[in-house]
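Okay, structure first, notes after.
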Amino acid sequence: MANQQKRRVGILTSGGDCPGLNAVIRGVVKCAHKLGYDCVGFLKGYEGLVDPVCYVPLNTKNTSGILTQGGTILGSTNRGRFAAKTGVDDRATIDPDLLSAVRTTVDQLDLAGLICVGGDGSLAIAQQFHEYGIPVVGVPKTIDNDLSATVYTFGFDSAVACATDALDRLHTTAASHERVMVLEVMGRHAGWIALHAGIAGGGDVILIPEIRWTFENVCHKVLERERNGKRFTLIVVAEGALLPDGGLVARERRRESQQVRLGGIGNVVATELETRLKRETRCVVLGHLQRGGPPTTFDRVLATQFGAHAMRLVHQERFGEMISFQPPNIDSVPIVDAVSVLRSVDPNGPLVQAARALGISLGDAPEDETLFATDSAGTPVGLTEKLVGSGI
Ligand code: F6P
């Protein structure tokens, strides 16, 4: 067993929130209680660690009932003084004065360890803490499911459930109005949410960052469905899917982190399809609905296990490690292994193969080239046109 002297542990939640964060906090607190540790929760992510230091005591009483609550009782931010450029690009280095201030806080509170719950950006910060000698344990969190070294992150299943529910609803209205419906989902530079929700919600076309696609191929799928008597089409597009010319559709580039804020491709796709197909087309951008609300059963179980295991790692002084879900086991890996490479969808993997086997188009290759004739404006020819706005 580990540290006999220090009997207090700190926890913080950092980056974009997601369902299950409170379940992790509760898991840590309950496990800490059993192992004889006090807990403190730092507010607003890493910001709470430094001037002004902001934390609250956490115990089984004041964390009771939070298992099912979305968001995080500790607050979070993906901006601020610690924001790091992460992922495939170079990461920013944290100001040494900030690192020193964090160490002072950890020392003054006599913390045995600090549990950092976050996605790749937040875990890259935790890694720098570790390299600086601050005793950290990482817990992977993101709806995007793009962290390597863990098969699933909590939050992902809840986001997929939300996107699937949206597709179920869009399905009936699309069929009633014989429309093309485009649903834009989150996921940053990975297509996991789009792919899972697209399959679960009966999408006809799924566009993801990992597979290059063309408007012609998407049009082809819509027309093929019409020939088969299906006069509506559901298209799921990941916010990070590249346009056929290779461009990303972004809302802004954050100055402090240089991270691109994605979004808007759904409308681009819908507008272009309407022009080419002359079919009524609508776009829904699901946005932060995917991040809110109660966690699914799966995420509650996963997040609770992550919390309990993180506390065990602190107790065993296994610092610099991150919880990893390797079904059926909850394990751990060096944080550095999880943040250096993002996990993207394998274009030839089983999920993509299953989608193709079902006839779902990934926008990359028409199944029947003979249907694929277009006029000089790129509009598919040979089918009755439906006027945009003609209604029912
Ligand atoms: O990483 C989680 C995520 O929800 C991404 O899917 C999305 O691109 C981003 O965060 C949105 O960030 P913000 O909450 O800052 O708009």
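Across the alpha-carbon set of segment 223-285, the Rg to Rh ratio works out to 1.10, Rh being the Kirkwood radius.
Ellipsoid fit via the Cα gyration tensor, the chain: semi-axes of 45, 20, 17 Å, each the root of five times an eigenvalue, largest first. Val301 contributes an accessible area of around 80 Å² to the protein surface, as traced by a 1.4 Å probe with all chains present.
Axis angle, to the nearest 10 degrees, between helix 120-131 and the longest C-alpha principal axis of the chain: 30 degrees. Contact order for segment 48-205, expressed relative to its length and based on alpha carbon pairs under 8 Å spaced 6+ residues apart, stands at 16 percent. Under conditions of 20 °C and 1.002 mPa s, segment 1-124 yields 143 µm² s⁻¹ as its translational diffusion coefficient, taking Rh as the Kirkwood radius over Cα pairs in the Stokes-Einstein equation.
Entry note, the chain: relative contact order of 23 percent, from Cα contacts under 8 Å with a spacing of 6+ residues. Against the longest alpha carbon principal axis of the chain, how many degrees, from 0 to 90 and to the nearest 10, is the axis of helix 265-277 turned? Here the helix axis deviates by roughly 10 degrees.
Taking the square roots of five times each eigenvalue of the Cα gyration tensor of segment 162-313, the equivalent ellipsoid has semi-axes of 30, 20, 12 Å, listed largest first. Note on segment 19-77: Rg/Rh from C-alpha atoms, Kirkwood Rh, equals 0.97.
Compute the angle between helix 96-108 and the longest alpha-carbon principal axis of the chain, please, reported from 0 to 90 degrees and rounded to the nearest 10. So the inclination is approximately 50 degrees. Spatial offset of segment 188-258 relative to segment 1-53 amounts to 38 Å, using the alpha carbon center of each. Accessible area per residue for the chain is 41 Å², calculated with a 1.4 Å probe on protein heavy atoms, without ligands, DNA or RNA. In segment 106-184, the ratio of gyration radius to Kirkwood radius, Rg to Rh, stands at 1.28 when only Cα atoms are counted.
For the chain, a Gaussian network of Cα nodes joined below 10 Å ranks Gln326, Gln69, Gln108 by mean-square fluctuation, and the top entry is Gln108.
Rounded to the nearest 10 square angstrom, Lys278 shows an accessible area of 70 square angstrom against a 1.4 Å probe. Springs between Cα atoms under 10 Å define the GNM used for the chain, and in it the highest mean-square fluctuation of Arg26, Arg179, Arg169 occurs at Arg169. Antiparallel as a % of all DSSP beta bridges within the chain, to the nearest 5? Roughly 30 percent of the beta bridges in the chain run antiparallel, per DSSP. Measuring nothing but how far apart in sequence close Cα pairs (under 8 Å, 6+ apart) lie, relative to its length, segment 188-235 scores a relative contact order of 37 percent. Largest to smallest in accessible area, the residues Ser324, Ser176 fall in the order Ser176, Ser324 (1.4 Å probe, all protein chains included).
For Thr275, the accessible area of its heavy atoms, probed at 1.4 Å with every protein chain present, is near 90 square angstrom. What's the carbon and sulfur percent of the chain's accessible surface, probe 1.4 angstrom, rounded to a whole number? The computed percentage sits at 50. For the options Val236, Val341, Val160, a Gaussian network treatment of the chain with springs between C-alpha atoms closer than 10 Å singles out Val341 as fluctuating the most.
With the charge dipole of the chain set up from +1 on Lys and Arg Cβ and -1 on Asp and Glu Cβ about the Cα centre, the Cα lying farthest toward the positive end among the listed residues Ala355, Thr153, Phe232 is that of Thr153.
The values are calculated or read from the model by the stated rules, or taken from the named source; none is laboratory data. This is a predicted model, so every value here is computed, not measured. With ideal geometry, Cβ positions are generated from the backbone for all residues, glycine too; neighbour counts draw on all protein chains shown. In case anyone asks, the SASA skips ligands and DNA or RNA and just uses the protein heavy atoms, side chains included. Shrake-Rupley method; radii C 1.70, N 1.55, O 1.52, S 1.80 Å.
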